[in-house]
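Data block below; observations after.
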Amino acid sequence: MALSRRKKIIIAVSAVAVLALIIIISVFATRKDEAEVTTIKLEVKPELRQTVTASGEVRPVRYIKLTSEVPGRIEEIYVNAGDQVTQGKPLVRVDPTQLQSSQEAQFAAAQQAMNDIQSARNAVATSQQGLVVAESSVASARQQLVSLQTSVDRAQVDLNTAQRELKRSSDLIEAGVASRGDYDAARDRFDQAKIALQTARANLESQRISVKEAQERANQQKLSVQEAKTGIRSSEMRANQQQALLRGQSSQRSKATQLSPLNGVVADIPTRVGEYAVAGLSTTPLMTIADMSTINVEVNVDETEISNVEVGQQAKVKVDALGDKEITAVVTQKNPLAVSKSDTQGGLSNRVNVQEAKEFKVTVELRDMPDDVRAALRPGMSGTATITTKTKNNVVAVPLEAIVEKAPSAPSPGPTVAGNVPTPASGEKPKSVKGVYLLEGNKVRFIEVTTGITGEADIEVTSGVKAGMEIVRGPSRVLKTLKDGMAVKRQVRKPGANANEAS
């Protein structure tokens with residue numbers, strides 16, 4: 001059925017109204033296409049710190065893994081893991097029966113060696129007495145030899161006298177003056193003197209032999225004294241050797257009770273009472289003692305940040321077990337060798353450098369700790385160190401989220417908004433331009449900036465902007481779409497918004 005005129009008019013008016021409504025909505029939508037942004041007015045910050053944050057673990061300045069120095073079954077363990085110990089405190093006791101037996105046997109050997117020394121000294125004394133007697137005999141024999149030599153000389157004189165008288169008597173007889181009796185008497189005296197000389201010479205030679213024999217006996221006695229003295233030295237050497245062995249056995253006996261070599265805390269006890277402790281190449285580990293007088297935290301710094309870390313820089317350390325407590329620290333060592341990120345060994349284990357290393361070990365020493373904090377720290381606890389690598393005062397800094405990196409614009413004869421952009425050399429990849437969007441009225445303009453150190457949330461700007469300028473800081477999805485001259489509007493902040501977004 002055909003539509004009436006009235007219905008046709010109603011349909012036409014409705015269509016026109018709908019079309020007009022669409023046009024009006026489109027116009028209003030076009031007018032509201034301005035991006036909403038948050039802004040911040042730049043100010044001079046009194047201090048900006050560049051930091052490096054790295055995680056690691058608590059490690060004492062030194063720790064000792066005690067091992068058994070003597071074999072035996074463990075009879076008693078005097079401490080528990082976590083106990084505080086002082087130097088010299090008994091820790092572990094090994095069965096000393098076998099060690100005590102060896103010590104007693106060695107003591108007996110040392111006593112016998114001392115007795116041998118006394119016997120050798122007695123032998124020396126006896127030999128020296130015999131030497132004195134032998135030397136006295138030599139002296140007496142030499143005196144007799146002198147006396148006999150005198151007798152020989154006297155007998156020689158008597159013989160010479162008798163010989164002269166015999167010649168005189170012979171001459172007188174030939175002259176007819178003397179009688180035959182006088183000649184015979186002179187002849188007898190000559191023969192007697194001759195026999196006396198021969199007897200004296202024989203006695204002298206016999207005494208010389210006696211002197212030689214006495215001297216030989218004295219020499220033999222001297223050799224006996226030397227041998228006895230050598231026996232003393234040999235006995236003393238054996239005694240010293242036995243004494244040294246006794247000291248070694250006594251030391252081994254004393255090591256049956258292991259004492260703490262330092263003041264610290266018992267970090268680990270891998271053994272149990274009743275186990276057999278082995279000494280030697282495969283010695284049995286007893287426990288680990290950590291010296292907690294100086295406590296370090298060893299952290300792993302990424303290779304991209306290690307160049308900023310230097311010895312002596314200040315740091316703040318948070319240990320997970322202590323919550324939000326911050327401990328003052330200072331960097332004491334930066335390891336030149338890298339460690340692998342895949343190295344997950346913890347506790348007190350040693351890290352190993354590997355080929356695909358990506359991190360560097362840095363040691364920070366904890367300072368000025370309260371006693372309760374020091375007592376609560378244990379080796380192997382996880383911690384995070386924030387190292388202050390650089391500090392600058394009175395700098396202009398912008399939020400990190402306000403920095404925009406853009407590809408450099410094409411070269412042009414005149415300066416651009418961001419300044420002249422040099423034409424890159426042939427084959428050189430153009431570097432991106434770093435800058436911020438400056439808000440001028442309700443429009444933005446991109447300004448290239450030069451940055452300095454980077455803080456936790458801000459970055460230093462050394463050129464391009466100055467204090468008092470208002471720049472766009474976000475949101476980031478909007479920053480990526482901004483262009484020079486684009487109209488924007490400030491985002492209306494709701495009550496309770498983050499104070500960092502205040503302009």
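The values are calculated or read from the model by the stated rules, or taken from the named source; none is laboratory data. Note that the coordinates shown come from a computational prediction; the quantities given were computed from them, not determined experimentally. Cβ coordinates were reconstructed from backbone atoms using ideal geometry, including for glycine residues, and neighbour counts include every protein chain displayed.
Considered as a group, the residues in segment 228-239 that are of a type outside the set (Ser, Thr, Tyr) and without any contact (Cβ under 8 Å) to a residue 24 or more places away in the chain include one that is nearest to Thr97 (Cα to Cα), and that residue is Met237. If you go through segment 464-496 and keep only what is within 20 Å of Leu42 (Cβ to Cβ), at pLDDT below 85, under 56 Å from the mean Cα position of the chain (by Cα) and part of a loop (DSSP other than H, G, I, E, B), you end up with just Pro475. Residue-level check: of (1) surrounded by 16 or more Cβ atoms within 10 Å (Cβ to Cβ); (2) at pLDDT 85 or above, Gln118 misses just (1). Summed over segment 149-183, residues that are out of contact with any Phe, Trp or Tyr (no Cβ under 9 Å at 6 or more places or on another chain), of a type in the set (A, V, I, L, M) and closer than 12 Å to Leu197 by Cα total 3.
Within segment 379-392, residues that are at positive phi sit with their Cβ atoms under 8 Å from residues that are assigned to a strand (DSSP E or B) and small (Gly, Ala, Ser), at 6+ positions apart or across chains, in these pairs: Gly380/Ala267.
Screening segment 291-310 for residues that are out of contact with any Asp or Glu (no Cβ under 9 Å at 6 or more places or on another chain) and assigned to a strand (DSSP E or B) and picking the one that is surrounded by the most Cβ atoms within 10 Å (Cβ to Cβ) gives Met292. Annotation: of all residues in segment 409-431 being exposed (fewer than 14 other Cβ atoms within 10 Å of the Cβ) and among the aliphatic types (A, V, I, L, M), the one that is modelled with the highest pLDDT is Ala410. For segment 234-256, the tally of residues that are part of a helix (DSSP H, G or I), crowded, with 17+ Cβ neighbours inside 10 Å and either small (Gly, Ala, Ser) or touching a Lys or Arg at 6+ places or on another chain (Cβ under 6 Å) (or both) stands at 2.
Only one entry of Lys434, Lys390, Lys406 meets the criterion of being more than 15 Å from Thr39 (Cα to Cα), at pLDDT 75 or above, under 47 Å from the mean Cα position of the chain (by Cα) and of a type in the set (Lys, Arg), and that entry is Lys390. With the condition kept exactly as written, say whether any residue in segment 202-223 is surrounded by 13 or more Cβ atoms within 10 Å (Cβ to Cβ), over 30 Å from Leu131 (Cβ atoms), in contact (Cβ under 8 Å) with a residue 12 or more places away in the chain and touching a Lys or Arg at 6+ places or on another chain (Cβ under 8 Å). Within segment 202-223, none of the residues are surrounded by 13 or more Cβ atoms within 10 Å (Cβ to Cβ), over 30 Å from Leu131 (Cβ atoms), in contact (Cβ under 8 Å) with a residue 12 or more places away in the chain and touching a Lys or Arg at 6+ places or on another chain (Cβ under 8 Å). Would you say Ala315 is farther than 26 Å from Ala81 by Cα and at pLDDT 85 or above? Yes: the conditions hold for Ala315. With respect to Met381, determine if the residue is surrounded by 14 or more Cβ atoms within 10 Å (Cβ to Cβ), more than 30 Å from Lys434 (Cα to Cα), in contact with a helix residue (DSSP H, G or I) (Cβ under 6 Å, 6 or more places away or on another chain) and modelled with pLDDT of 85 or more. When the stated conditions are applied, Met381 passes them. The lone criterion from (1) hydrophobic (A, V, I, L, M, F, W, C); (2) surrounded by 16 or more Cβ atoms within 10 Å (Cβ to Cβ); (3) assigned to a loop (DSSP other than H, G, I, E, B); (4) modelled with pLDDT under 85 left unmet by Val352 is number (2).
Residue-by-condition table, conditions (1) crowded, with 17+ Cβ neighbours inside 10 Å; (2) assigned to a helix (DSSP H, G or I); (3) among the hydrophobic types (A, V, I, L, M, F, W, C):
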| site | (1), (2), (3) |
| --- | --- |
| Leu91 | yes, no, yes |
| Arg142 | no, yes, no |
| Ser147 | no, yes, no |
| Glu165 | yes, yes, no |
